[in-house]
1. So, for the chain, what is the accessible surface per residue at a probe of 1.4 Å, expressed in square angstrom?
2. Relative contact order for the stretch 180-303: what is it in percent, counting Cα pairs under 8 Å that are at least 6 residues apart?
3. So for Leu251, Leu264, what's the accessible-area order with a 1.4 Å probe, most first?
4. Per-residue HN-Hα couplings for the stretch 270-285, Karplus 6.51 cos²θ - 1.76 cosθ + 1.60 at θ = phi - 60°, whole Hz, x for Gly and Pro?
5. Would you work out the relative contact order for the chain, in percent, from Cα pairs under 8 angstrom that are 6 or more residues apart?
6. Say the dipole of the chain comes from +1 at the beta carbon of Lys and Arg and -1 at that of Asp and Glu; which of Ser270, Leu34, Phe140 then lies farthest toward its positive end?
7. Ignoring ligands, DNA and RNA, what percent of the 1.4 Å accessible area of the stretch 332-464 is carbon and sulfur?
8. Using the beta-carbon distance between Leu294 and Leu376 and R0 = 25 Å, what value does 1/(1 + (r/R0)^6) give for FRET efficiency, to the nearest 0.05?
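The values are calculated or read from the model by the stated rules, or taken from the named source; none is laboratory data. Source: prediction; values computed, not measured. Glycine also receives a Cβ, built like all others from the backbone with ideal geometry; neighbour counts cover every protein chain displayed. For the accessible areas, the whole protein counts, side chains as well, though only heavy atoms, and no ligand, DNA or RNA atoms are used. Shrake-Rupley method; radii C 1.70, N 1.55, O 1.52, S 1.80 Å.
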Amino acid sequence: MITKNQQVVIARLCGFLVMLYSLSMIPPALVALLFREKSFFSFLYTFLLVFPVGVFGWIRTRQTHSQVYTQDGFLIIVIFWMLFSVISALPLAINSELNISFTDAMFEGVSGITTTGGSVLNNIDNLPKSVVFYRSQLNFIGGLGVIVVAVALLPMLGIGGARLYQAETPGPFKEERLTPRLADTSRQLWSVYSLLALGGAIAYWLAGMPWFDAICHALSTVSLGGFSNKTDSLGYYANHKIELVGGVLSLLSAVNFMLYYLVLYRRSLSPLIHNPELKFFLLIFTLIASVVCLELYRLDIFDAQGAFVHGFFMTASIMTDNGLATTGYARWPEHVLILLMASSFFGGCIGSTCGGIKALRFLILYKQSKREIEQLIRPRAICTVKVAGTTLQESVVRSVWSFFFLYIFFSCIFIFALNQMGYDLITSFSTVAACINNMGLSMGLTADGFGSLNDGAKWLMCVAMIMGRLEIFPILVLFSSSFWRG
């Protein structure tokens, strides 16, 4: 059971997080003022509605000083991501210029904040600039997570944040930190994240993008969110330099951000060079990109240069679950697209902004499979699973197997559900891959956008996006009877 004191702690922290998130309405409102757009009022009304609610919840419980335990952390994360999604949808739902249903606004909001990047909006080229910026901002905030920002500020609330951080952070090694203080870790991660976004904006601008587009695409790319200013995504610019920037920035954003901090702190590239997960990720990426590039050239879809640029960019974008695209990708050979969609389940490294299962888990599964083969050959031998020379505990290996099973199991459930709603198997598979992997690109009926889905399918895919973003376990924990027994 959740005690009364725990309820007060949860209400206080949720109030604080809602208040904090409401401030994200200010930048797009300023953009609307800059370009003299009516969308200013949709952001203003959302802020005026949400901010007082957060302040009220925070002030009403201001005398509370207590630790957030594991049980509280999981509940807070799930509750807040529900609130997160609704708040994200509000300025879209009440914007008369968009004229979309609440279901569509929810899909767009959830897609943005979970860094999925799949859209139900048509003719994105003509959207108000403030809305375009807001969508990219949703990606950016959702990429590293507003929870990480909150953890940096939790000391002022008198509430410890370790369990909250543990519930939010993806990957099997949730206790890993850069610094002894969790708040310092949060700030360091956001510093690296912001610097990478700044570098990405400059690179896009130098490659030929207008400054506004460069900023928006940098926010979307570093977060691996995939929202673009254009209906045709990066393909609109027909610029190989821009696609190369997008591909390289996608790969950089799929690296564990802790490694970047260590590189800066130690002033050495050693953490990157010797990291086994990064080497494994780059190996798999190279193999898949090579196959895609060769097939595009072999089938005479592009010349050698075009095959390399488009193949490299699309492999980087889909495998890292970014979701930016080049023009006409949906007309590529079906076997190439299926390979790319399957690669989205692989994802990037833990501690990055990518979705999917993550490279480290696949590396552990590979090493565990090798151990099983060796054990069959030499039954009496003592075989262990090692990563970077460190023997992994059996609990870590078991958790990876459990996550892998649940991830594939729920993917199959979602695919079956869409298929039963009347969608063909290719559409069902690619739509679920796009949503649960937070990748955003699809095939079949949803290749040009997710507006063709019926309302039931859109709500189902909202669930898939959130489950993928939270990596399933925090949601399943709430459905466990032992969780509520305490």
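1. 42 Å²
2. After rounding, I find 20 percent.
3. Final ranking, largest accessible area leading: Leu264, Leu251.
4. With coefficients 6.51, -1.76 and 1.60, one gets 4, x, 6, 5, 9, 7, x, 5, 4, 5, 5, 4, 5, 5, 5, 4 Hz.
5. 17 percent
6. The residue sitting most towards the positive pole is Ser270.
7. 64 percent
8. 0.10
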